[in-house]
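Contents: one structure, followed by commentary.
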Amino acid sequence: MNQKARELRAQGHPVIDLSIGEPDFKTPQYIQTAAKQAIDTGRYFSYPPAAGYEDLRTAIADKLRQENQIPCMPQQVVVSNGAKQSIANVLLCLLNPGDEVVVYSPHWVSYSSTIRLAGGTPVLLQGDVADNFEPTPEQLDRAITPRTKAIIFSSPCNPTGHVLPRTSLQAMAAVLSKHPRVLAIADEIYEYINFTEVHTSLGALEGMQDRVVTINGVSKGFAMTGWRIGYMAAPLWLAQACEKLQGQLTSAPSSIAQRAALAAIQGSREEVLAMVEAYRQRRDLVFSLLEAIPGVRTPYPSGAFYVFPDVSDYWGFTNGDIVIQDAASLCMYLLQAAHVASVPGDAFGAPKHIRLSYGTTTAQLQSAIKRIQIALARLR
Ligand code: PLP
């Protein structure tokens with residue numbers, strides 16, 4: 001899909017890319033300034049400590065205690081090259097061949113790939129679309145076997161945009177309390193991009209203190225994907241193992257990016273909130289435009305910056321040339337006929353859906369959805 005999008009662009013076609021999972025905003029100025037100042041002091045040109053600078057780990061532990069009510073000491077925090085590395089560190093430390101990880105699905109594609117890379121087996125668990133795909137506590141209980149090492153989920157969720165309410169997390173905690181060997185990996189990378197205005201951390205719930213690895217970072221909320229800073233807060237034994245592993249894999253995350261992340265985490269949330277308000281307006285716009293297209297059924301997203309419509313009503317349709325057989329052929333058709341790039345849901349574990357990102361301007365979004373509508377109307 002990427003290759004095709006590039007080819008079409010090279011031929012001069014105005015491709016609108018709704019396939020990418022990153023903010024279109026610039027990193028706030030005060031964070032850029034902190035990075036420049038860090039360079040100018042000349043103090044940050046050597047290898048940093050493997051788990052990150054002490055002041056950054058302390059600031060993260062403070063943030064987790066104050067904003068998330070997660071009991072946490074700085075020694076439990078490991079700073080990495082993005083939340084992606086934090087997740088990989090945890091899975092590589094935890095899993096032995098044949099171990100299972102229950103993955104709330106639809107899920108971020110890297111969960112299943114990284115579980116396999118670490119020798120484990122992903123066990124996908126999916127609830128009803130009417131319940132925003134949330135599995136029931138009974139489903140979770142049944143999915144846990146003697147081989148289960150962990151469960152993993154994101155809230156707000158990539159790709160569905162669903163935010164798990166406190167009641168669902170409490171139900172999850174109740175199931176976990178019956179299975180004391182099983183850890184939960186709570187991926188909160190979209191924490192701030194939450195239109196319900198209530199973010200609950202599983203790690204804050206009673207009885208979960210030693211059971212949860214909280215994953216977060218600065219990529220999404222602070223528009224800092226390129227700076228590559230993420231972090232985890234874990235039970236001490238696991239944090240120490242991840243620190244050891246990271247010391248061998250990458251030594252440590254970039255010194256200057258860590259200084260920028262410190263400014264982000266300690267700074268005001270004003271610019272974050274302004275970005276979130278823009279995402280909220282785009283969510284409303286995209287959702288209402290998609291609602292008007294026959295055969296496109298979109299679960300209402302309450303966070304992140306994705307919509308995840310079911311487009312399976314179009315299976316078997318054709319424009320006389322391309323036959324729509326699945327999400328991949330529909331995405332390819334939309335790219336060719338509407339010059340809009342999207343992602344088929346198969347990779348996320350939901351083959352009837354496609355993912356559209358609204359990390360782009362309102363004008364681009366209006367134009368993209370209009371083009372999708374016209375292209376779909378041509379199918380018979
Ligand atoms: N977790 C989820 C659910 C994501 O969607 C992403 C990025 O797309 C990440 C983690 C990785 O974030 P980072 O840029 O911090 O590696």
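Can you confirm whether E243 is of a type in the set (D, E, K, R) and more than 14 Å from the ligand (Cβ to nearest atom)? Yes.
Exactly one residue out of T196, T114, T145 is more than 16 Å from the ligand (Cβ to nearest atom), in contact (Cβ under 8 Å) with a residue 12 or more places away in the chain, polar (S, T, N, Q) and within 29 Å of K63 (Cβ to Cβ), and it is T196.
When the stretch 246-264 is filtered for residues that are within 16 Å of the ligand (Cβ to nearest atom) and either farther than 14 Å from A59 by Cα or surrounded by fewer than 20 Cβ atoms within 10 Å (Cβ to Cβ) (or both), the ones remaining, listed by number, are Q246, L249, T250, A252, P253, S254, A257. Contact annotation: residue pairs with Cβ atoms under 8 Å, 6 or more positions apart or on different chains, pairing a residue in the stretch 322-338 that is under 18 Å from S357 (Cα atoms) with a partner that is part of a loop (DSSP other than H, G, I, E, B) and among the basic types (K, R), are A327/K352.
Residues satisfying the criterion are absent from the stretch 9-29 (criterion: open to solvent by less than 70 Å² (accessible area, probe 1.4 Å), out of contact with any helix residue (DSSP H, G or I) (no Cβ under 6 Å at 6 or more places or on another chain), in a helix (DSSP H, G or I) and outside the structural domain of L262 (by TED's automatic domain parsing)). Mind checking whether some residue in the stretch 100-119 is within 27 Å of E22 (Cα to Cα) and of a type in the set (K, R)? Yes, the stretch 100-119 has at least one match.
Within the stretch 57-94, if we keep just the residues that are in contact with a helix residue (DSSP H, G or I) (Cβ under 6 Å, 6 or more places away or on another chain), within 15 Å of the ligand (Cβ to nearest atom) and of a type in the set (S, T, N, Q), the residue that is nearest to G267 (Cα to Cα) turns out to be S80.
Figure legend. Inter-residue proximity from the stretch 59-78: first residues within 16 Å of Y192 (Cα to Cα) and assigned by TED's automatic domain parsing to the domain that holds L262, second residues of a type in the set (F, W, Y) and in a strand (DSSP E or B), beta-carbon distance below 8 Å, spacing 6+ or different chains. Indicated pairs: I60/Y231. Just one of the listed residues (A173, A233, A223) is open to solvent by less than 20 Å² (accessible area, probe 1.4 Å), out of contact with any Cys (no Cβ under 9 Å at 6 or more places or on another chain) and touching a residue at least 60 places away in the same chain (Cβ under 8 Å), namely A223. The single condition from (1) within 16 Å of the ligand (Cβ to nearest atom); (2) among the β-branched types (V, I, T); (3) touching a residue at least 60 places away in the same chain (Cβ under 8 Å) that I39 fails is (1).
For the stretch 209-234, the set of residues classified as more than 8 Å from the ligand (Cβ to nearest atom), in a loop (DSSP other than H, G, I, E, B) and under 15 Å from the mean Cα position of the chain (by Cα) consists of G221, F222, A223, M224, listed by residue number. Of the residues examined, I354 is not one that is assigned to a loop (DSSP other than H, G, I, E, B), in contact with a Leu (Cβ under 7 Å, 6 or more places away or on another chain) and touching a residue at least 40 places away in the same chain (Cβ under 8 Å).
The values are calculated or read from the model by the stated rules, or taken from the named source; none is laboratory data. Not measured: the values here are computed from a predicted model. FYI the Cβ positions are ideal-geometry reconstructions off the backbone, even for glycines, and counts take in every protein chain you see. Each accessible area value is taken on the protein alone, full model and side chains, heavy atoms only, with ligands, DNA and RNA left out. Shrake-Rupley method; radii C 1.70, N 1.55, O 1.52, S 1.80 Å.
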